[in-house]
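Reviewing the structure listed below.
Readers should treat all values here as calculations from the given coordinates under stated rules, not as data from a laboratory. Bear in mind that the values here come from a model prediction, so they are computed numbers and not experimental data. So basically every Cβ, Gly included, is an ideal-geometry build from the backbone, and we count neighbours across all protein chains shown.
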Amino acid sequence: MNENKVSSITTLFTLLVFLLFTVLSLLIVLIGAKSYRGIVTGMESNQQTRTALSYVTNKVHAAGTGETALRTVGGRQAIVISSSYNEQDYKTYIYEYDGAILEWFTRADRAFQAGSGDTITAVSGFSAKQEGGLLRLTARGKDGKEFTVSVLLS
């Protein structure tokens, strides 16, 4: 009978150690999954914000000399890029509206309409400053991180 008790205690102890190992393993997996999810979300937000700034920078570079200006239109700060195609004048407005950076390409004779255009990306802030021939663009992603890029207006 004594051997039976020792065998039962050994079996119970083995099962408890296995149960503890299983619970701790599951806990580690759950903590790792939560950390991974946070990292991926942060990377996606950073990537979106940086990509949007790169897109705006390339639009300004493609515009060429003297065709880009920082203006206040409709009570909003906007980058205005003037261009001509087939003897018709057009303007591209890049501005922040309702938590997103928008781009609106339209004929030059049309009045600016806030909210018009295509969404480039969602942001929690976007601003532009012109300092001489330098245009400084700052965007804040949904996670609150700010990215700034400077563009030479040549």
>> Given a 10 angstrom Cα cut-off, can you work out which residue in Ala52, Ala128, Ala111 is the most mobile in a GNM of the chain?
In response: Ala111
>> Can you give the local net charge around Asp143? Use residues other than it whose beta-carbon is closer than 14 angstrom to its beta-carbon, Lys and Arg +1, Asp and Glu -1.
In response: +3
> What is the local net charge at Ser82, summed over the other residues whose Cβ is closer than 9 Å to its Cβ (Lys, Arg +1; Asp, Glu -1)?
Replying inline: -1
> By how many degrees, between 0 and 90 and to the nearest 10, does the Cα long axis of helix 2-63 differ from the longest principal axis of the chain?
Replying inline: 10 degrees
> For the stretch 2-152, what number results from the quotient of the Cα radius of gyration and 2.2 N^0.38 Å?
Replying inline: 1.89
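Treat the count of other C-beta atoms within 10 Å as a stand-in for reagent exposure and order Tyr90, Tyr85, Tyr97 from fewest to most. List each step's numbers first, then the result.
On the way: Tyr90 15, Tyr85 7, Tyr97 18.
Fewest-to-most Cβ neighbours within 10 Å comes out as Tyr85, Tyr90, Tyr97.
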> Gaussian network model of the chain, Cα springs within a sub-10 Å range: biggest mean-square fluctuation belongs to which of Phe18, Phe126, Phe105?
Replying inline: Phe18
